[in-house]
Structures are given as structure tokens and as C-alpha cells.
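Participant: One structure, as C-alpha cells, below. Some questions next.
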Amino acid sequence: MKITEKTYVSEILKAHGDIAEVMELFGVRRVGGFGFRKFLTRFITVKTAAFVHGVPLNKFMKMVEAAINKKEK
């Protein structure tokens, strides 16, 4: 799965599961429980998530890819 700024976070969760725990290692805090995140992320793109968390888009996308890679190992 190629992740772009237009990728919905829900698509990432569907393909890779909950990566919130790994994202916390990179300094991105969780938003609510997994059920709430699944609901909320249907409307949130990677670009919007980066903005909400105050992380530059390119850096955020690298963090997401790193979290996915770390979780899959």
C-alpha cells in the first residue's frame, strides 16, 4: 500500500491494524480508544492527521511508514 497525503488513516488501520502504540514512540499521542480512532479516521487523511498532531507532512508520512514497518516485524 502506497501512503500519500490523501490516504485516509482508516485505510492504514484496515491494512495494518492499530499502529497507535508504535506512533507514540515517535512522539504522536493516541486519540481515544481504538474504536473511537476507527470511527474518527474514516474522515481523516494523512495530511489532516499530520496537521492535527503538529508534525510536518513529510516527517509524519515517514513516521507512519516506520510504524508500519516496525509493527510488521
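Participant: Evaluate the distance, in nm, between pseudo-label points positioned 7 Å from the Cα of N58 and of I44 along their respective Cα→Cβ axes.
Facilitator: Roughly 2.4 nm, to one decimal.
Participant: Once you have the Cα-Cα distance between E21 and M1, take 0.36 nm times their residue separation minus that, and quote the gain in nm to one decimal.
Facilitator: 5.2 nm
We did not get these values from a lab; they are worked out from the coordinates using the rules stated. Computed from a predicted structure; not experimentally measured. Glycine also receives a Cβ, built like all others from the backbone with ideal geometry; neighbour counts cover every protein chain displayed.
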